[in-house]
Amino acid sequence: MMNDNPGLKKPRITRQRRIIEHVVGAGFSSAADLATLTNVSLMTIHRDIDDLATRGILRKVHGGVSALPSTVFEASSEIRMQIQPQAKTALARKALEMVEPGMSVMLDDSTTVFALARLLNDVGPLTVITNYRQAIELFRENDDIRLIVTGGQYSRTHDSFIGLPNDGSFSSYAVDVVFQSTSTMGSEMTYHQEQDVVHMKRAMLKAGTRRVLMMDGSKAGRTSLHHYVPVSDFTDLILTDDVSSEFREAVSEHTTLHIAPLHSTHNQTG
């Protein structure tokens, strides 16, 4: 009954934010550790975990709760927004060099590409096509951005609109450039954990004359459950400069490689 008291909503929100921050930092935490951290009962923590899992923010696993992506599950949009902010800023600045006023641009629902979206507000006029709710909110009041929203059913975990595998909503578009990121990549193949997201990204990729993949060093040399597309399907690949020279040399055989320096953003991220 006490949880129905409106006066308790703010402490619950504050507690859940603390839980999220802790789990993001640690990658995993047990319910007992979270109860100790927040000084509440295990019953209360289990309710918090259930709430956060239902909203797609954290994932319940054996023995506790996780914020980390796995080869099978992608982390939620809210969690991914907090990961590798410096790398995302570096990638976005390099990607911005490929955008000129008057262009048509398609953005996927990755938080890496959203870092670029933040910079595009000052580039207009542009036509921007996206399925990511955060980007829609970012652009919706900008008169210099012609905003086109596409996709399908809303996914709370991804905070985006994801169509069915046979979705043809992108077939009528031919945009100047598509920007994407994905979960992991090898030197020849890219990967993602979820098949419905793979189908959506593939449909978007086909719409671009120039097709740009933005990847930070933590995603290189790893695999996820599903094949996405070969690296060669992208005309351009932007990597952060913490990727090994061996990996750079291998991928450069399949696409045009651009390097985003991390050092130039050390004092400019929040």
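The values are calculated or read from the model by the stated rules, or taken from the named source; none is laboratory data. Just so we're clear, the structure is a prediction, and the values are computed from it rather than from any experiment. No Cβ is skipped: glycine too gets one built from the backbone with ideal geometry, and neighbour counts run over all protein chains shown. Accessible surface areas use protein heavy atoms only, side chains included; no ligands, DNA or RNA. Shrake-Rupley method; radii C 1.70, N 1.55, O 1.52, S 1.80 Å.
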Residue-level accessible surface for T235, protein heavy atoms, 1.4 Å, Å²: 40 Å²
E21 accessible area, assembled protein chains, probe 1.4 Å, Å²: 120 Å²
For the range 81-142: rounded, prolate or oblate by the Cα gyration tensor [a/c cutoff 1.5]: oblate
Charge dipole of the range 200-264 about the Cα centre (unit charges at C-beta), most positive-ward option of S244, T223, A260: T223
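How large is the charge dipole for the range 141-270, taken about the Cα centre, if only the Cβ atoms of Lys, Arg (+1) and Asp, Glu (-1) carry charge, to the nearest 20 debye? Spell out each step's value before the answer.
Numbers: 10 positive and 17 negative charges, 60 e Å.
My answer is approximately 280 debye.
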Three-way shape label, the range 116-190, alpha-carbon gyration tensor, a/c 1.5: prolate
K201 accessible area, 1.4 Å probe, all protein chains in place, Å² to nearest 10: 10 Å²
Modelled FRET efficiency - R0 22 Å, N39 with R17, Cβ distances, 0.05 increments: 0.90
